[in-house]
Every structure is written in C-alpha cells, then in structure tokens.
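K.L.:
This is the structure I have questions about; it appears just below.
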Amino acid sequence: MKAPADALAELARRLEKTWSQVVTGAAWATDIRLGSSGLTGQRLAEVWDQVHPVRTAWLHWAESSGPGVDLEWRDARLHRSEQPLPSVLRVADIDTAARLLQDGWPARLAQGRSRATRLADDFPHHPDPAGILRATRELSDVNFDLVVRAARWFADPHPAGLTARQVPVEGMGTKWLGHHGGVVRRLAGPASLDLEPGRPSRVHLTYLDPTHLDSGGRRHDVATMGDVDVVAYQPRLVLISENRDTAQQFPRVPGGIAIEGDGNGPGAIPSLGWVRACPDVVYWGDMDAKGLEILASFRAAGLPVRSMFMDMTAYRRWQRFGVDHNHNDTPLGPRPARAIDLEPGERELYEALCSPEWPGHRRIEQERIPLDVAGQALDVRD
C-alpha cells in the first residue's frame, strides 16, 4: 500500500507530465489508487504490521491536507473485524496538486497560464500550444516574449534575404536566433525561417611540411566553405587536433597539415576535398568519453580517421596528468556508453571512462602530452 510520500511522488509525476496540457484546456486527471484493494483476510493479516503505520500516516495526512483533497476509504476484513484502509486519493484540480507539492509549482502554473494566454492571443490557431509551453519552460520571461515576437515577425509578411543576425526584432541579440530558432520556427509555423546562410564555415590549418616552410611558404592558412578548395600542397597526412594550440605548434611533419578542431564534431572538415583525398587522416583529442565520441563522429561522417593517444595503452602511460573536473569546476562523472564506431583499444578506454565503477581519472587533456613525443609518434604512412 502506498504511503503519502509515494502518492505525492506519483502526483508530481502526473503534474510534470500534464501541466502544459491542463493550462491550455485539457481535463485534470485526479484519482491516484493507493494499492489497498488486494489487502484482505489472510493477506492483510500477514502484512498488518507494515500496513498499520501507513494507515496511521494517512489519517494524520488527511487531517492536514486542506481543501480540494478527498481520501476514499474501503473496509477490509481482518480476522473478525472491518478495518478501514485508504483506497483512492482524489485531488480536485491542478492548483490543489501544486499546493500539495510546492517545489515551485504554484509559481510555475501561474507563469504557464500567463504564457498560455499570450500564445492564445498571438497564435489562436496554433496546433500545439502545450508543446510550446514545454519547449519554453526554462526560458526567462524576457526570452519567452522574444520568442513570441520573433515568431510573429516570421509568421507575418516580412522581407526576404536576411541572415539570422539581420532580423529586425527589438531586443534580439545577434546570436539569439541561433540558440532559439527551433522554437521560433515551431511557433511561427513555416517549415523553414527562410534565412540566408550566415558567415561561411572556416577551417584553420597549419602547414607542417619542412620543404614548404623552408622555401618561405606561409605556416598558417584558412579554408573557407564555398571558396576555392585548394591548399599549398596536397598533404600526405592530415592531423585533426582538438586543441588549437597543439595544431598551431605541432612539430614539422613531411607532407603534413594540422587542422584545428572545434571540440564538438567534424563540422565542415569532411567536406574539404584535399582532406578526403589524403591517404592518412589522424584525429587527436582528449582521452575522455566526449573525445572518443567526436572521433567516432568523424568516422560516421565518412572520414576514415585513425586516432593517436586515444586508447587504453596511451591512458596508462599518461594517466598522471588526468583530471576529474571540467573547466567550470563541475565534476566529470559516468555516462551511458553509446554504440559508436571505435577500434578495440579505443572501445576499451571509452567503456571504462563511461563506467560508474571506473576508479581512474575521467579525462586526460591532449595538450598535456609533450609535442616532441607526439611528433615522434605521428609516423606518415606511405
């Protein structure tokens, strides 16, 4: 039989699941069954020592629960007597549920109703106002107002040919639409916001070939998407480095080019023709779960990269440099291991770093490994 705390936990789950539908007009489901229906006769006698204190707790709880709460009881036979047991908890409405739970729910419902009214005024025929409320739940009132005004601008006739940074909505920062464009599009209705592409993606690179450098060739360059796709020489080896300093300072490598990654994934790099034509592409990132997932994402993008210093052998060699916190001092913890494309040694390290039982450091940053050691390890494949 559920105790009051169990029933309130179920009420919290129900409120979390349905609040946005209720404030936009759906009915509130009230009954929470307490699991006493099967307790009678011999079964009740067997568990009476556990049931009795729970029943007492319900009696005290019901006295202090306030209006809008109805606790239904049922009589259950125990030996030769009838014992009343709590059967169903009925909560009259969503506001009563919020009052019982507290934890910020009364204010959250008030905000939800205010926002639902705004959506009904500006987008009276939107098919999913509840979904918009959920999608904007964590937004401040200022950002919610911006979402509605931006969606109104896109829903109404507006000039074509603008980039996201040029949309003339008051109060909108230049990068705001990049973060909130999804919910704006969802509210405005069109399949696309019909914006012009922003600045083209760029890939920064460093030439490593001694002959090129000694002849006076430039050391650093940039490849811009949509521009002419050429570099000073067709590389025999491309090193993609998660750390920019490592790419820029990497030792000389015959026929080599180092590319600066952005720490998130392949980006525009697989679209570069000279990278795709290179016979040997190496990815070198941090020895952590995210670094190994980025490595796999390059492979998923069709670039057959090999890794450097990203397996269990390398981890054991350099584990003295390990850390357990992010740059903002939040701890690095376990995470669910994904089914990604990794070589056996990489997979061993990945699953270890994801495991809750892993006793070692969760990350070894690549820049902790000396560049002269990395240069010696990076053999160009013929």
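The values are calculated or read from the model by the stated rules, or taken from the named source; none is laboratory data. This is a predicted model, so every value here is computed, not measured. So basically every Cβ, Gly included, is an ideal-geometry build from the backbone, and we count neighbours across all protein chains shown. Just the protein is used for accessible areas: all its heavy atoms, side chains included, with ligands, DNA and RNA removed. Shrake-Rupley method; radii C 1.70, N 1.55, O 1.52, S 1.80 Å.
K.L.:
Counting only residues that are more than 33 Å from the chain's Cα centre (by Cα) and not in a loop (DSSP other than H, G, I, E, B), which one in the stretch 215-248 is farthest from Q376 (Cα to Cα)?
P.N.:
Looking at the filtered set, the residue picked out is D221.
K.L.:
From E46, E16, which residue is in a helix (DSSP H, G or I), open to solvent by 80 Å² or more (accessible area, probe 1.4 Å), under 30 Å from H125 (Cα atoms) and out of contact with any Asp or Glu (no Cβ under 6 Å at 6 or more places or on another chain)? Spell out the reasoning first.
P.N.:
Values: E46 fails: under 30 Å from H125 (Cα atoms).
Answer to the check: E16.
K.L.:
For the stretch 201-214, enumerate the residues that are open to solvent by less than 70 Å² (accessible area, probe 1.4 Å) and either of a type in the set (D, E) or in a loop (DSSP other than H, G, I, E, B) (or both).
P.N.:
Within the stretch 201-214, S201, L208, D209 meet the criteria.
K.L.:
Also, I was wondering about something else. Working only within the stretch 298-340, note down all residues that are of a type in the set (S, T, N, Q), assigned to a helix (DSSP H, G or I) and free of Cβ contacts under 8 Å to residues at least 40 places away in the same chain.
P.N.:
T313
K.L.:
Can you tell me which condition Y350 does not meet? The list is (1) within 25 Å of V253 (Cα to Cα); (2) outside any loop (DSSP other than H, G, I, E, B); (3) of a type in the set (F, W, Y), and all the others hold.
P.N.:
(1)
K.L.:
Which one of these does F123 not meet: (1) more than 24 Å from D6 (Cβ to Cβ); (2) touching a helix residue (DSSP H, G or I) at 6+ places or on another chain (Cβ under 9 Å); (3) at pLDDT below 90?
P.N.:
(3)
K.L.:
Going through the stretch 95-104 one residue at a time, which ones are open to solvent by less than 20 Å² (accessible area, probe 1.4 Å) and either touching a residue at least 60 places away in the same chain (Cβ under 8 Å) or assigned to a strand (DSSP E or B) (or both)?
P.N.:
A97, A98
K.L.:
Turning to a different aspect of this structure: Mind checking whether some residue in the stretch 108-129 is open to solvent by 60 Å² or more (accessible area, probe 1.4 Å) and in contact with a Phe, Trp or Tyr (Cβ under 7 Å, 6 or more places away or on another chain)?
P.N.:
Within the stretch 108-129 (the criterion being open to solvent by 60 Å² or more (accessible area, probe 1.4 Å) and in contact with a Phe, Trp or Tyr (Cβ under 7 Å, 6 or more places away or on another chain)), the answer is no, since none of the residues qualifies.
K.L.:
I've got another one for you. Quick one: count up the residues across the stretch 130-174 that are assigned to a loop (DSSP other than H, G, I, E, B), loosely packed, with under 11 Cβ neighbours inside 10 Å and under 24 Å from the mean Cα position of the chain (by Cα).
P.N.:
Residues that pass the stated criteria total 3.
K.L.:
Mind listing whichever residues of the stretch 64-94 are open to solvent by 30 Å² or more (accessible area, probe 1.4 Å) and touching a Gly at 6+ places or on another chain (Cβ under 8 Å)?
P.N.:
R77, A92, D93
K.L.:
Assuming G226 fulfils every condition listed in (1) under 29 Å from P124 (Cα atoms); (2) open to solvent by 70 Å² or more (accessible area, probe 1.4 Å); (3) not aromatic (F, W, Y) apart from one, which condition is it?
P.N.:
(1)
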